[in-house]
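Just below is one structure, and these are the notes that go with it.
The values are calculated or read from the model by the stated rules, or taken from the named source; none is laboratory data. Given the structure is predicted, the values throughout are model-derived calculations rather than measurements. Cβ atoms come from the backbone with ideal geometry, glycine included; neighbour counts cover every protein chain shown.
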Amino acid sequence: MPGSRTPIAAHNLALALQDGGDVRGAERLYQEAAEGGLAGAAYNLALSLATRDEYGEATRWARQAAEAGHDSAPDLLGMCLEQADAVSEAEHWYRVGVEAGDRKAATSLGALADRRGDLDDAERWWRRAAEGGHLMAANDLGRLLAERGEEAEARAWWRRAWEGGETKAAYNLGVMCESHGDIEGAQRWWQRAADDGDEDAIRSLGDSCSAPGD
């Protein structure tokens, strides 16, 4: 009976249901636990809802988790707010996340700056997150540096991201090889990314193998 369950018990049951594929059942229990004051449950509910693009309801629960001090919730809340074009408030919450030590929030600030065309600010945030070990930030930093012509450092960040498991970095290394006429090198990197399911790498690998002269 819901009335006899503690929020922690409801949350643990929700985790088990989600692992078993019962997403809707898990969300009902996450909500029960969140209404009982469990910030982690509010965050997991928001994350599940956001995965289905239900950003309005996700915002409600992400806000509850963020205001309760959940470290990862500010970044999720910021992402949901961006979907509603509430960019200024999103930036505020990303900064809250950074202050809490969330490298993902720093990555999000970098992406926000990039979309604004403020590449210096984007580099600052991505470098901060990448130096802290965030792989997506390392990949994004590599892209920015490559576009600026700083290929040696871009390559170093992409290798670091790839070694940590960021598939897109292998694709980008392939593109860099191709730009210098190193088709065999490009194909090696694209194959690595393709093996992990990267669609851009699969397409590029196929195109390079079917090109005239191959």
Scan of region 1-37 for residues that are surrounded by 15 or more Cβ atoms within 10 Å (Cβ to Cβ) and modelled with pLDDT under 95, ordered by number: Arg5
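Yes/no per residue for (1) among the charged types (D, E, K, R); (2) part of a loop (DSSP other than H, G, I, E, B); (3) on the phi > 0 side of the Ramachandran plot:
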| residue | (1), (2), (3) |
| --- | --- |
| Ala62 | no, no, no |
| Asp71 | yes, yes, no |
| Met79 | no, no, no |
| Glu82 | yes, no, no |
| Asp85 | yes, yes, yes |
| Ala90 | no, no, no |
| Gly97 | no, no, no |
| Lys104 | yes, no, no |
| Asp120 | yes, no, no |
Hits in region 1-42 (condition: of a type in the set (D, E, K, R), touching a helix residue (DSSP H, G or I) at 6+ places or on another chain (Cβ under 7 Å) and within 22 Å of Pro74 (Cβ to Cβ)): Glu27
Single match in Leu109, Leu47 (criterion: of a type outside the set (Ser, Thr, Tyr), surrounded by 20 or more Cβ atoms within 10 Å (Cβ to Cβ) and under 26 Å from Met136 (Cα atoms)): Leu109
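Identify the residue in region 14-30 that is among the small types (Gly, Ala, Ser) and closer than 18 Å to Ser4 by Cα and, among all such residues, is farthest from the chain's Cα centre (by Cα).
Gly25
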Any pair with Cβ under 8 angstrom, 6 or more apart, that starts in region 158-174 at a residue that is without any contact (Cβ under 8 Å) to a residue 24 or more places away in the chain and ends at one that is part of a helix (DSSP H, G or I) and of a type outside the set (A, V, I, L, M, F, W, C): Trp158/Asn139; Trp158/Gly142; Trp158/Asn172; Leu173/Arg155; Leu173/Arg159
Total residues in region 75-113, condition among the charged types (D, E, K, R) and without any contact (Cβ under 8 Å) to a residue 24 or more places away in the chain: 5
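Test Ser208 against the stated conditions and say whether it is modelled with pLDDT under 95, surrounded by 12 or more Cβ atoms within 10 Å (Cβ to Cβ) and either polar (S, T, N, Q) or closer than 16 Å to Asn139 by Cβ (or both). Steps first, please.
Working: modelled with pLDDT under 95: yes; surrounded by 12 or more Cβ atoms within 10 Å (Cβ to Cβ): yes; either polar (S, T, N, Q) or closer than 16 Å to Asn139 by Cβ (or both): yes.
Spelling it out, Ser208 is indeed modelled with pLDDT under 95, surrounded by 12 or more Cβ atoms within 10 Å (Cβ to Cβ) and either polar (S, T, N, Q) or closer than 16 Å to Asn139 by Cβ (or both).
Residue-by-condition table, conditions (1) exposed (fewer than 15 other Cβ atoms within 10 Å of the Cβ); (2) within 22 Å of Ser88 (Cβ to Cβ):
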| position | (1), (2) |
| --- | --- |
| Lys104 | no, yes |
| Arg116 | yes, yes |
| Ala129 | no, yes |
| Gly133 | yes, no |
| Met136 | no, no |
| Leu145 | no, no |
| Ala161 | no, no |
| Ala170 | no, no |
